[in-house]
Amino acid sequence: MAKADLSAIQREAVQCIDQPVLIFAGAGSGKTKVLTHKIAYLRNEVGIPDDNILAVTFTNKAAREMSQRVVKLIDATASDSRYKAGPIWSPMLHSNGAVQVGTFHSICARILRKEIHHLGYKNDFVIYDADDQLRLLKMVLEQNEYDLDLHPPQHYRSVISRAKNGMKGPVDLATKAKGEEADIFTKYQEALKNSHAVDFDDLLLLPLDLFNNHPKILNRYRKTFQYILVDEYQDTNRAQFEFVKLLAQKHRHICVVGDDDQSIYSWRGADITNILNFEKEFPDAEVFKLEQNYRSTAIILDAAHAVVERNQNRADKKLWTERKGGEAIQIYALENEREEAEQIFNLIQEEVLSNKRRFGDIVILYRTNAQSRAIEDILRRRTIAYKIIGGIKFYERKEVKDAMAYLRLLVNPSDPVSLERIINFPPRAIGETSMNRLRTFAHERKIDLFKSLGSGLEAGIQVKQAGAMKDFKAMIKRYQGLALNKDRGSPAGPVDEYSGMESSSSSHNFGVDEVVTAFLEEAGLIAHFRNQETTEAHDRLENIKELINSIEEFHIENPGSTIRDFLEDVALLSDVDRWADDTNAVTLMTLHSAKGLEFPVVFLTGLEEGLFPLIRMNDDENDEEEERRLFYVGLTRTQDKAYITYAKQRRKWGSNTLETVMSRFIRELPDNLVEWKPLTSKEASKNGSRISSGDSRVYPKVGHPAPVVQGILDDFVIGAWVEHKLFGKGRIMGREGVADSLKLTVEFEGNKTKKLVAKYANLHRL
């Protein structure tokens, strides 16, 4: 281990191994270096075998980076197959002498691949994404005669996911007098299990069921994972906390690394108390604080700290750097979102031409995806190369999902979501009437849809349609054996229960791309787009070809992998995992997507009350604190220079253009660290207020709960809570006009937005 590369506090954290360890690692403080050096220390100097060390993180990108750094530290060659840094097809959970690095979801998926049969599932389960969940919920609701207008699948997906994140089941919902939700939850879970499928939440919950109900299995994994390291611990939810706690509870060899100031995922179940209360769970824990930042200038760090230190729920710490000084943060107040986008373009042009930046040095961050539209329009018109994270993803394109559904059906014929998606695409004359009869037949005989495909005539389906179903089933069965082939030319495997064919065959030596191409050709998918001879069809066909290329590349990079492994890899990818930082283009992404990244130049856009911080109904202090942490994350992505922009007016809710108010986060920035463009007037400075040129509004000093706007009905400022006799409680989201003509846009509970004339609305300020 290269100890000279570590600071004194980093070295102490690396070498502390005989008790639980909590490392508060601030932004840019070298947490990955500490984790990888600790792994090397455990391996080289403590003597823990490679495959008894488990390192857990949240993205495949982070897992790859960690794996690659470990390889260098232990002097292994980059080509050493034991340390293959693939996103999923890594050596995890295989005792082949490799340090085990992966995400929570990938590690849990690997455990379930081996053990899930103990819970009554097939080991060849499929992983359902959000779209698959909606389709399955729709089936469940229709089968149980729920009105979809009154019972939208989206609502129940949210309810079920929220319950699972809190480790609650249908019984817990039932106790809260939500019997209908509990019933749908129960039936959805039954449908998942009958389909031999799991959703993303189940990937985390089912290992807990396994460990709690099968102590011998838990003890086996405790012995396997002799030392556990967890990255980004502030982002763990309750299930992830229970997972590592169960594994480490006995030997207590656990090291968690994180930063409570960067906890920004409560909306998906992350619990900041996991890191803040770590010492309560492990009273003998040693705590280290990594406060030296190696990324940003002193101005950036001081500004970020000035905002985040206002939060009550945080550990006491402050980042510092040897990079003294730095450029002041530039703040621009623009008239509207179009001017904001134009100004951003001008500043990018200045950075590239005058400051010799690359486009790849620049990132534009925003609170919501919708904000990217105006910025994209400008960059596209001005021919600025850019890449956007969070748009329509390759694997979410319809034609790609259709092709993936075919492949998933090969792996798991019990999957009704995939079957129903492609049974009549391309068209096979199998209409909804025929499918309804098949569903009824399968339900009455308690068999899955795939098995019932050969019984069309018995189900009362017309001869033509019944024949098409039978042919479809036969085609799937023919390709199953080839699809499950572990590798080209590998020995024969077990007989598949559906097809009666061997899972692999020594008599064939087909490439995986050849198998998939032949399968999709026979299925008619490739011909469907090839025969249309339109530009759109051509593009869709190219996407299918690209999918086939990606399968072949995956197989080459991961020898011994199968179609199932590829499908699992895709299911567990995130947007950031697909982001490549080696192209010279401006990056656009949400603030949530940016965590863990860094750029020389950062734009923080849309700093307006109601947008950032984002105002939600019934928000509380915890919501405001998380929004403040999100601002902290955005600003600390900056290496050299930060720009902050906001618009005085922004188009919202269709064609409405609403007046906005500068974000409180700007007002929380110290004056000596920012530069206003144009500069703040002397008169405003004397009053403790900031007025940009042409902006007649006066903003209060830091600490006021809401900006005060001069004029009639000053009680009704943007952000204020009000009550209406008819509509109930709501929040003012916009103002138009003055005096008797003042109109207020109010968002009431239940997502009802109303535009009211203030003089006659009889609103009561809360």
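The values are calculated or read from the model by the stated rules, or taken from the named source; none is laboratory data. Given the structure is predicted, the values throughout are model-derived calculations rather than measurements. Here the Cβ is made from the backbone with ideal geometry for all residues, glycine too, and neighbour counts use every protein chain on show. Heads up: the accessible areas ignore ligands, DNA and RNA and are worked out on the full protein's heavy atoms, side chains in. Shrake-Rupley method; radii C 1.70, N 1.55, O 1.52, S 1.80 Å.
Listed values, structure above:
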{"quantity": "Residue count for the range 157-194, restricted to those that are open to solvent by 70 Å² or more (accessible area, probe 1.4 Å) and not charged (D, E, K, R)", "calculated": "4"}
{"quantity": "The range 716-741, subset within 20 Å of residue 336 (Cβ to Cβ) and in a strand (DSSP E or B), residue nearest to the chain's Cα centre (by Cα)", "calculated": "733"}
{"quantity": "Residue in the range 450-470 that is assigned to a loop (DSSP other than H, G, I, E, B), at positive phi and touching a helix residue (DSSP H, G or I) at 6+ places or on another chain (Cβ under 6 Å) present", "calculated": "yes"}
{"quantity": "Out of 374, 341, 328, sole residue that is among the hydrophobic types (A, V, I, L, M, F, W, C), touching an Asp or Glu at 6+ places or on another chain (Cβ under 6 Å) and closer than 21 Å to residue 593 by Cα", "calculated": "374"}
{"quantity": "Residue in the range 333-348 that is free of Cβ contacts under 8 Å to residues at least 12 places away in the same chain and farther than 30 Å from residue 248 by Cβ present", "calculated": "yes"}
{"quantity": "Failed condition for residue 379, given (1) without any contact (Cβ under 8 Å) to a residue 40 or more places away in the chain; (2) more than 24 Å from residue 662 (Cβ to Cβ)", "calculated": "(1)"}
{"quantity": "All positions within the range 229-260 that are open to solvent by less than 20 Å² (accessible area, probe 1.4 Å) and under 26 Å from residue 305 (Cβ atoms)", "calculated": "230, 231, 233, 234, 235, 236, 255, 256, 257, 258, 259, 260"}
{"quantity": "Qualifying residue in the range 742-750 (condition: part of a loop (DSSP other than H, G, I, E, B), at pLDDT 50 or above and either open to solvent by 60 Å² or more (accessible area, probe 1.4 Å) or closer than 30 Å to residue 330 by Cα (or both))", "calculated": "yes"}
{"quantity": "Selection within the range 575-618 - of a type in the set (S, T, N, Q), under 23 Å from residue 356 (Cα atoms) and at pLDDT below 90", "calculated": "583, 584"}
{"quantity": "Matching entry among 568, 621, 626 (being farther than 26 Å from residue 649 by Cβ, at pLDDT 90 or above and not aromatic (Phe, Trp, Tyr))", "calculated": "626"}
{"quantity": "Some residue of the range 178-193 being touching a strand residue (DSSP E or B) at 6+ places or on another chain (Cβ under 7 Å), in contact (Cβ under 8 Å) with a residue 24 or more places away in the chain and farther than 20 Å from residue 274 by Cβ", "calculated": "yes"}
{"quantity": "Selection status of residue 708, at pLDDT 80 or above and either buried (at least 17 other Cβ atoms within 10 Å of the Cβ) or part of a loop (DSSP other than H, G, I, E, B) (or both)", "calculated": "no"}
{"quantity": "Failed criterion for residue 168 (all others in (1) closer than 16 Å to residue 209 by Cβ; (2) outside any loop (DSSP other than H, G, I, E, B); (3) not aromatic (Phe, Trp, Tyr) hold)", "calculated": "(2)"}
{"quantity": "Residue count for the range 272-295, restricted to those that are open to solvent by 60 Å² or more (accessible area, probe 1.4 Å), touching a residue at least 24 places away in the same chain (Cβ under 8 Å) and closer than 17 Å to residue 18 by Cβ", "calculated": "3"}
{"quantity": "When residues of the range 261-271 are limited to those that are closer than 27 Å to residue 160 by Cα and of a type outside the set (Phe, Trp, Tyr), the one most open to solvent (accessible area, probe 1.4 Å)", "calculated": "268"}
{"quantity": "Flag if residue 536 is open to solvent by 20 Å² or more (accessible area, probe 1.4 Å) and out of contact with any helix residue (DSSP H, G or I) (no Cβ under 8 Å at 6 or more places or on another chain)", "calculated": "yes"}
{"quantity": "Complete set of residues in the range 237-262 that are within 21 Å of the chain's Cα centre (by Cα) and without any contact (Cβ under 8 Å) to a residue 60 or more places away in the chain", "calculated": "241"}
{"quantity": "Which listed residue is assigned to a helix (DSSP H, G or I) and within 27 Å of residue 518 (Cα to Cα), from 437, 428, 478", "calculated": "478"}
{"quantity": "Some residue of the range 14-26 being open to solvent by 40 Å² or more (accessible area, probe 1.4 Å), charged (D, E, K, R), over 26 Å from residue 203 (Cβ atoms) and part of a loop (DSSP other than H, G, I, E, B)", "calculated": "yes"}
{"quantity": "Residue within the range 297-304 that is closer than 15 Å to residue 642 by Cα and open to solvent by 30 Å² or more (accessible area, probe 1.4 Å) present", "calculated": "yes"}
{"quantity": "Residue match in the range 147-156 (condition: surrounded by fewer than 17 Cβ atoms within 10 Å (Cβ to Cβ), outside any helix (DSSP H, G or I) and of a type in the set (Asp, Glu))", "calculated": "yes"}
{"quantity": "Residues of the range 195-225 satisfying the condition of being in a loop (DSSP other than H, G, I, E, B) and surrounded by fewer than 18 Cβ atoms within 10 Å (Cβ to Cβ)", "calculated": "214"}
{"quantity": "Options 225, 200, 211: the member that is closer than 17 Å to residue 160 by Cα and aromatic (Phe, Trp, Tyr)", "calculated": "200"}
